[in-house]
Amino acid sequence: LLLVPLVALALGASAISGERERGTLQGLLAQPVTRWEVLAGTFLGLLAALALATALGFGVAGFVIALLAPVIDPGRYLSLLVLVMALAGVMLALGLLISVVCGSRMRALGAALAVWFVLVLFFDLGLIGVTLSGMLGGRGLAAALLLNPVDVARVLAVLRLSPDLEVLGPAGAYLTDTLGTGGTAAVLALALALWLAAPALGAVWAF
């Protein structure tokens, strides 16, 4: 929830803006391919690199965990890997949108870092303050949860990995009480899919 979003945002933010600064983007667009194909190829290539690195990291860690705790559930561990990759895809799409919109590579990286700080650090602090003040009810907290893909992935991971559900947080607890575990997982998975589609389509449109 900390490292993967940062790496994905940085890779996406430097992709198109970096090609533009190096002067290779015009040569690439002169080829017999459409702009959306260039963007889709860039996204899929970067996502494949992230997937390989993440799978290797999880594979080594899983091997060590299996040696120390043979009762580990491989299915849950694999689902966590899939969830991390989904979050990486969302952050990569956001990074590509930033890369297309921002003119220079440094400006795009700065904007990506700001987005990472907001989603990973400041959002939770603000949500804690709002929760303590009582300004939002259960529905408001649930809506706020859906506005942050990192929190969506966190709650999905808790639903999958922690059967006692003690660390869901107030928004996750409200959703679970209202929709049940299955309904909450479906809503959060749909939210994560929308978080992937929206910036990707925005990047294609802007590009």
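Computed from Cα atoms, the angle from the helix 149-161 axis to the main principal axis of the chain rounds to 40 degrees. The P(r) of the stretch 35-115 has a tail past 15 Å containing 65 percent of all C-alpha pairs.
Average accessible surface for the chain: 53 Å² per residue, computed with a 1.4 Å probe over protein heavy atoms with every protein chain in place.
Computed on the chain, with alpha-carbon pairs under 8 angstrom and 6+ residues apart, the relative contact order is 32 percent. So how far, in whole Å, is the C-alpha centre of the stretch 101-119 from the one of the stretch 6-43? Using only Cα atoms to place each centre, the spacing works out to 16 Å.
In terms of packing, defined here as the mean over residues of other Cβ atoms within 10 angstrom, the peptides 190-202, 32-44, 96-108 line up highest first as 96-108, 190-202, 32-44. Rounded if a/c is under 1.5, else prolate if a/b beats b/c, else oblate: with a ≥ b ≥ c from the C-alpha gyration tensor eigenvalues square-rooted, which is the stretch 7-46? Oblate, because a/c is 1.5 or more while a/b does not exceed b/c. Derived from the Cα gyration tensor, the three semi-axes of the equivalent ellipsoid of the chain are 32, 22, 15 Å, largest first.
Taking the 0 to 90 degree range and rounding to the nearest ten, how far is the long axis of helix 105-117 tilted relative to the main principal axis of the chain, both from C-alpha atoms? For helix 105-117, the angle is close to 10 degrees.
Dipole size of the stretch 40-156 about its Cα centre, with +1 on Lys/Arg Cβ and -1 on Asp/Glu Cβ: approximately 200 debye, rounded to the nearest 20.
Once the Cα-Cα distance is subtracted from the 0.36 nm per residue extended length, the Leu201 to Asp73 segment shows a gain of 42.4 nm.
Helix-only arithmetic for the chain: the sum of -39500 (n - 2.57) across DSSP H runs with n ≥ 4, divided by the residue total, places the mean residue ellipticity at 222 nm at -28000 deg cm²/dmol. When a 1.4 Å probe is rolled over the protein heavy atoms, the share of accessible surface on the chain that falls to carbon and sulfur comes to 75 percent.
The values are calculated or read from the model by the stated rules, or taken from the named source; none is laboratory data. These numbers come from a predicted model, not from an experiment. No Cβ is skipped: glycine too gets one built from the backbone with ideal geometry, and neighbour counts run over all protein chains shown. Keep in mind that these areas ignore ligands, DNA and RNA; they rest on the heavy atoms of the full protein, side chains included. Shrake-Rupley method; radii C 1.70, N 1.55, O 1.52, S 1.80 Å.
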